[in-house]
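Taking it in order: structure first as structure tokens, then the write-up.
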């Protein structure tokens, strides 16, 4: 009887310990105040899966991270920039005439996102939340440079053209919600869906400067300027709920 009593006490202690651990599962897996994490996006189907960075409302790539101010409150931040420089060179001959065309296009943009994320009552590994996020994109000037050269027995005639267009900015506000499912401690897969407002203003002054040089060395320049501004306002629901993998430290 003493042996049976001892076994019963051991089994009871084991089940009580297991119950306490099960109740503490949520605290074990989920991030806490002071934790910092980053996420990547999973796109594609089973046979065409690829990883990418997050996008802001304007569609620019951003490095996205979260910092937990409290156990149930996180700061959402994103930062990104884009620099385009495209150079194209071509040459073609027609009889004794050689035609060469060089073109260069440059543009850039900088993106900043900041928001707050409120986590609701978690259920085991499932962690639902709501959030608000502000996206700001500064769009720099775009510059096109084109040089056309025609070389013959008389010399080289050329046309140089430079087009500069003012940039602008994009402003976005997202309100939405989602959830994370923690596969292991501080490692989760999740998704979110939001209602987004976006305002974009691009353009302003455009300058077009052309310089023609004859084979004999005579130069003639023309300079044009005009205004061209595009403003767009969009309010919609994000059509595809993206899947995110996140890890917290």
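On average over all directions, what projected area in square nanometres does region 120-180 have, based on the convex hull of its Cα atoms?
On the way: hull surface 31.2 nm².
For region 120-180, the mean projected area of the Cα convex hull comes to 7.8 nm².
Sort 191-199, 210-218, 131-139 by the packing proxy (mean of other Cβ within 10 Å over each peptide's residues), most packed first.
Result, highest mean Cβ count within 10 Å first: 131-139, 191-199, 210-218.
Compute the distance in nm between two label points, each set 7 Å from the Cα along the Cα-to-Cβ direction, one at residue 169 and one at residue 197.
Going from the residue 169 label point to the residue 197 one covers 1.6 nm.
If you split all Cα-Cα distances of region 58-110 into 10 Å bins from zero, what percentages do you get per bin, shortest first?
Histogram of Cα-Cα distances, whole percents per bin: 18, 23, 19, 15, 12, 7, 5, 1.
Taking 7 Å along the Cα-to-C-beta vector as the label spot, tell me the residue 146-residue 75 distance in nanometres, rounded to one decimal.
4.8
How much length would be gained if the chain were fully extended between residue 226 and residue 184, taking 0.36 nm per residue of separation minus their Cα-Cα distance, in nm to one decimal? Please list the in-between numbers first.
On the way: separation 42, 0.36 × 42 = 15.12 nm, distance 5.85 nm.
Full extension of this stretch gives 9.3 nm more.
Listed highest first by mean packing, meaning other Cβ atoms within 10 Å per residue, what order do 82-94, 175-187 come in?
175-187, 82-94
Given 0.36 nm per residue, what is the gain on full extension from residue 28 to residue 156 after removing their alpha carbon distance, in nm?
The residue 28-residue 156 span can extend by a further 38.6 nm.
Just the number, please: Stokes-Einstein D of region 31-248 in µm²/s, Kirkwood Rh from C-alpha pairs, 37 °C, 0.692 mPa s.
The estimated diffusion coefficient comes to 156 µm²/s.
All of the numbers you see were taken from the coordinates with simple rules; none came from a lab. Note that the structure is a prediction, hence the values are computed from the model and not measured. Glycine also receives a Cβ, built like all others from the backbone with ideal geometry; neighbour counts cover every protein chain displayed.
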